[in-house]
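Comments concern the structure below.
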Amino acid sequence: MTGLAAVLHASALAFDSLRFAGVAYLVYLAWKSWRDHGALEVDETQARPDAWSVIRTGVLINLLNPKLTLFFFAFLPQFVRPGSDALAQMLVLSAAFMAVTLGSSRSTGCSRRRSGTTCWDGRAWRTWLRRGFAATYAVLAARLATSER
């Protein structure tokens, strides 16, 4: 192990400091989401971009987003079998992850397009959506706070 992983593995204080910083951030996100009363609105007057423009933007965002790279390097190696070609396994796991993500995003987009704006209209819906996000952040914070090394 090298870098931050080695420091976190060797030092319980560093690990706990980073863990509780993460807990504090998740609690902050939960609080902000719960208290937010801003509008979730879609500008219907704006011209719709073509499909290739949306795909190109999505690919660029994912390629330039360091969180996705960190996810692949932190999460996927635990599923690589020792003693075999690690690069090939990581590529297969990455491709499987991207296929699942593509399918999920595609189904979400299609259902959103079919439902129109009806499911997004109404203050009560937006309030419960925000509270759902806040509850998710709070649960993740509690889980992180009670996790073991």
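Compared with the dominant principal axis of the Cα atoms in the chain, helix 51-64 is inclined by about 30°. All Cα-Cα separations within the chain were binned at 10 Å from zero, giving a P(r) of 9, 22, 33, 25, 10, 1, each value a whole percent of the pairs.
For the chain, the longest principal axis of the alpha carbon atoms and the long axis of helix 12-35 meet at an angle near 10°.
State the Cα centre-to-centre distance between region 60-114 and region 124-149 in whole Å. Computed from Cα coordinates, the inter-centre distance equals 23 Å. The angle between the Cα long axis of helix 66-75 and the main principal axis of the chain comes to about 50°, on a 0 to 90 degree scale.
Here, each number is a calculation from the coordinates, and none is a lab measurement. Here the structure is a predicted model, which is why all the values come from computation and not from measurement.
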